[in-house]
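Engineer: Let me give you the structure first, and then I'll get to my questions.
The values are calculated or read from the model by the stated rules, or taken from the named source; none is laboratory data. A quick note: this is a predicted structure, and the numbers were derived from the prediction, not measured. Cβ sites come from the backbone with ideal geometry, for glycine too, and all protein chains shown count toward neighbours.
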């Protein structure tokens, strides 16, 4: 099925094989986000990593300075003081065996799952349900923390804490905001993401790390970004 008339109009604004300077690419991704809703803007990276090798995988987190523009539903596996702290910090769902039972029954209406180490013995059995959805708490994602660290983690998750990782093809995909954000806000978020990904470069990486970068809104065309220029970006000091 072909693209509609509006898509055909905006795709003319983007030269297919041209690599745009980051600021121009952000502007085009925003400009080509046609439609009446506030679209998600994402950054897509093609790496030269052999992800079959354990030492050539990327996984990390970034705190986007202007948030994601999305409402994040946070679930916390905790009990006692941990449960109290999580509730006071504004977690949407807090519990233990009750939540585990709900999830085993197929319920996954949340965006981020956090757990205290003491409960991972129980939470671990949810791996088959949460793993494929990218919702399983893990040390690498920083989503398994002691009870006293729950308030800070919940706060950061609300503010725009985003996890990124390589997929099976060596690609990395991450939100950088919404089409309703200003170009400056999207640039700040993109710069922060670039910095985090470069810092997460595996020690076992050989050859070219980042081969291709593109930005795109939910319904808009992909806009290629000049890789060298993107790698020279620096996060905003604000």
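Conditions tested, residue by residue: (1) touching a helix residue (DSSP H, G or I) at 6+ places or on another chain (Cβ under 7 Å); (2) over 30 Å from residue 53 (Cα atoms).
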residue	(1), (2)
84	no, yes
137	yes, no
140	no, no
144	yes, no
153	no, yes
164	yes, no
179	yes, yes
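Engineer: Which residues, taken from region 145-163, are at pLDDT below 95, buried (at least 20 other Cβ atoms within 10 Å of the Cβ) and outside any loop (DSSP other than H, G, I, E, B)?
Structural biologist: 157, 161, 162
Engineer: Shifting gears a bit: Do you know which residues across region 84-117 are free of Cβ contacts under 8 Å to residues at least 12 places away in the same chain and either surrounded by 17 or more Cβ atoms within 10 Å (Cβ to Cβ) or in a helix (DSSP H, G or I) (or both)?
Structural biologist: Matches in region 84-117: 84, 87, 98, 101, 102.
For (1) touching a strand residue (DSSP E or B) at 6+ places or on another chain (Cβ under 8 Å); (2) modelled with pLDDT under 95, each residue gets a yes or a no:
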{"site": "74", "(1), (2)": "yes, no"}
{"site": "94", "(1), (2)": "yes, no"}
{"site": "100", "(1), (2)": "yes, no"}
{"site": "103", "(1), (2)": "no, no"}
{"site": "123", "(1), (2)": "yes, no"}
{"site": "133", "(1), (2)": "no, yes"}
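Engineer: Of the numbered conditions (1) buried (at least 18 other Cβ atoms within 10 Å of the Cβ); (2) within 30 Å of residue 4 (Cβ to Cβ); (3) modelled with pLDDT of 95 or more, residue 220 satisfies every one except a single condition; which is it?
Structural biologist: (3)
Engineer: Moving on. Looking at 142, 80, which is the one that is surrounded by 13 or more Cβ atoms within 10 Å (Cβ to Cβ) and over 29 Å from residue 226 (Cβ atoms)? Give the steps one after another, and end with the answer.
Structural biologist: Working: 80 fails: surrounded by 13 or more Cβ atoms within 10 Å (Cβ to Cβ).
142 is the lone residue from the list that is surrounded by 13 or more Cβ atoms within 10 Å (Cβ to Cβ) and over 29 Å from residue 226 (Cβ atoms).
Engineer: Among the residues of region 13-42, which ones are over 21 Å from residue 192 (Cβ atoms) and not in a loop (DSSP other than H, G, I, E, B)?
Structural biologist: Result: 31, single match.
Engineer: May I pose another question? Quick test of your reading of the structure: residue 184 fulfils all but one of (1) in a loop (DSSP other than H, G, I, E, B); (2) out of contact with any strand residue (DSSP E or B) (no Cβ under 9 Å at 6 or more places or on another chain). Name the failing condition by number.
Structural biologist: Of everything listed in (1) in a loop (DSSP other than H, G, I, E, B); (2) out of contact with any strand residue (DSSP E or B) (no Cβ under 9 Å at 6 or more places or on another chain), residue 184 misses just condition (1).
Engineer: Tell me, yes or no, whether region 24-33 has at least one residue that is surrounded by fewer than 21 Cβ atoms within 10 Å (Cβ to Cβ), in contact with a strand residue (DSSP E or B) (Cβ under 8 Å, 6 or more places away or on another chain) and at pLDDT 95 or above.
Structural biologist: The initial filter retains those residues of region 24-33 that are surrounded by fewer than 21 Cβ atoms within 10 Å (Cβ to Cβ), namely 24, 27, 31.
So of that shortlist, the ones also in contact with a strand residue (DSSP E or B) (Cβ under 8 Å, 6 or more places away or on another chain) come out as none.
Looking for residues that are surrounded by fewer than 21 Cβ atoms within 10 Å (Cβ to Cβ), in contact with a strand residue (DSSP E or B) (Cβ under 8 Å, 6 or more places away or on another chain) and at pLDDT 95 or above, one finds none in region 24-33, hence no.
Engineer: If you don't mind, another one. If a residue must be outside any strand (DSSP E or B), at pLDDT 90 or above and either under 11 Å from the mean Cα position of the chain (by Cα) or surrounded by fewer than 17 Cβ atoms within 10 Å (Cβ to Cβ) (or both), how many such residues does region 54-64 contain?
Structural biologist: 1
Engineer: If you check every pair at least six apart or on different chains, which have Cβ atoms under 8 Å apart with a residue in region 1-18 that is under 17 Å from residue 218 (Cβ atoms) first and a residue that is assigned to a helix (DSSP H, G or I) and modelled with pLDDT under 85 second?
Structural biologist: none
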